[in-house]
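Okay, so here's the structure we're looking at.
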Amino acid sequence: MNWGLIGASTIASEHMIGAIRSNSGHDVVSVLSSSPTRGKEYAAKHGIAASTTSLSDILNGSDVDAVYISTTNEKHLPQAMAAIAAGKHVLCEKPLAMTVADAATMVRAAQGSDVVLATNHHLRNAGSHLAIRNLITTGRLGEVLSIRIFHAVMLPEHLRGWRIDNPLAGGGVIPDIVVHDADTVRFYLGEDPADIVAQELSGAMGVDVEDSVMSVWTTPSGITVQTHESFTHPFAGSGIEVHGSKGSVIARNVMTQQPVGDILLRTASGEESIEYSPHNLYERSVSKFATAVAGDGQPAATGVDGLKSLAVAEAVKKAAVTGQRTTVDYGGY
Ligand code: NDP
């Protein structure tokens, strides 16, 4: 499968180009950048044959089967719509779009065509999260009562661009990190958060966008979820806890791009360390996408999954801004 990169981005450079090429028979053949100079330099640095500033160059080329969209968030909608119209399979970065309505437009377009639309939610590809989900679905925790998510990190300096000062590009910690936590909760529980209360802060790092948020969600079956996302916490570390009637999972350092972290299961029998597969998260995302393109099953996270994680983030934002308990609007999905 030949891939075109839409966006000369950091995430493609740090993770996705390698993840694509690690899958046998996959290569990156072209990259789109708005800057001819940066595009050429990016292509040379990563051994990509072609760079272009024209989306139609990539989409009209018969050598490209799929595109990976990792531009800033406001560009995901028009670029994905053009790619779907051109018959290219689309693996799009999170958040899938700027609004649930836009995400629904993308999902509908893909459903009306022969292409696969997927969202690059990496966490559900992690061995750690697959192992925790397995503990839940096999009943080791009993009835799940609550989840606590610790995702307050220090945004690395090289990522402190549009994320911290440009709401029009989709900046802010809610579109950046809450979507991942929403996807992880949905992946664990197989149900969609329903109601949300939240408070946000900005100013320590964010300008015109929030840089910290805490929220509490409830699910239709009565599970409560407490989350904390931030760009400004140098020493907090990440983690997730799932508490059930028969056991609790305490996982640390697992809300990350690397296959790392510790999982502890605590039950009436004592404490047990849970082992998991240390595979690369992004390689698995590409592999599942390729299998879906070949007609076998679904990608790890579908377009609808991306829409739903965005719907939760949208509700967190609305709850924080209004101070009102907010029902998540999944746009009919
Ligand atoms: P970047 O800021 O690195 O890239 C986004 C765009 O910014 C690029 O498409 C590029 O535009 C432009 N750009 C990049 N470097 C420069 C530069 N030096 N000077 C000027 N412009 C530049 O964003 P990220 O890679 O951090 O994020 C991209 C997308 O991926 C976002 O949607 C984000 O939410 C998502 N993401 C997902 C992650 C995951 O694990 N799933 C992790 C990180 C990000 P052009 O293409 O026009 O050259």
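Things to note:
- Sites residue 327 and residue 274, calculated FRET efficiency, Cβ-Cβ separation with R0 30 Å, nearest 0.05: 0.30
- Residue-wise HN-Hα couplings along segment 260-265, as the Karplus relation 6.51 cos²θ - 1.76 cosθ + 1.60 with θ = phi - 60° gives them from phi, are 10, x, 10, 10, 10, 9 Hz; Gly and Pro carry x.
- Values of log10 I(q)/I(0) for segment 164-248 across q = 0.13, 0.16, 0.25, 0.27 Å⁻¹ run -0.47, -0.68, -1.27, -1.36, by the Debye formula with one identical scatterer at each alpha carbon and no solvent.
- Anchor residue 88: lysines whose Cα lies under 20 Å away (excluding residues fewer than 8 positions away in-chain): 75, 288
- Selection from 168, 99, 151, by position along the positive dipole direction of segment 52-176 (Cβ): 151
- Residue (of 71, 25, 109) at the positive-pole extreme of the chain, dipole from beta-carbon charges: 25
- Calculated over segment 207-296: convex hull of Cα atoms, volume per residue (Å³): 199 Å³
- Distance between the C-alpha centres of segment 95-129 and segment 154-216: 18 Å, rounded to the whole angstrom.
- In the context of the full set of protein chains, segment 165-276 has a per residue accessible area of 42 Å² (1.4 Å probe).
- Divided by 2.2 N^0.38 Å, where N counts the residues, the Cα radius of gyration of the chain comes to 0.97.
- Between the beta carbons of residue 158 and residue 22, assuming R0 = 22 Å, the FRET efficiency works out to 0.40 to the nearest 0.05.
- Free of any GluC sites (Glu not before Pro) that DSSP assigns to a loop and that have at most 15 other C-beta atoms within 10 Å, the longest stretch within the chain is 1-142.
- Amide H to amide H, with H built 1.01 Å from N, residue 145 comes under 5 Å of 243, 244, 245, counting only residues 5 or more places away or on other chains.
- Segment 145-198 gives an Rg/Rh value of 1.04, both radii derived from C-alpha positions and Rh following Kirkwood.
- Applying both filters, DSSP loop and at most 11 other Cβ atoms within 10 Å, to the chymotrypsin sites (Phe, Trp or Tyr not before Pro) of segment 219-288 gives 235.
- Adding -39500 (n - 2.57) for every DSSP H run of four residues or longer, then dividing by how many residues the chain holds, sets the calculated 222 nm ellipticity at -9500 deg cm²/dmol.
- Dipole moment magnitude, nearest 20 debye, the chain about Cα centre, only Lys, Arg, Asp, Glu C-beta charged: 200 debye
- Remark: segment 35-135 carries a charge dipole of roughly 300 debye about the Cα centre, counting +1 on each Lys and Arg Cβ and -1 on each Asp and Glu Cβ.
The values are calculated or read from the model by the stated rules, or taken from the named source; none is laboratory data. These figures come from a predicted structure and were not determined experimentally. Note that each Cβ is placed from the backbone with ideal geometry, even for glycine, and that neighbours are counted across all protein chains shown. Surface areas here come from the heavy atoms of the whole protein model, side chains and all, with no ligands, DNA or RNA. Shrake-Rupley method; radii C 1.70, N 1.55, O 1.52, S 1.80 Å.
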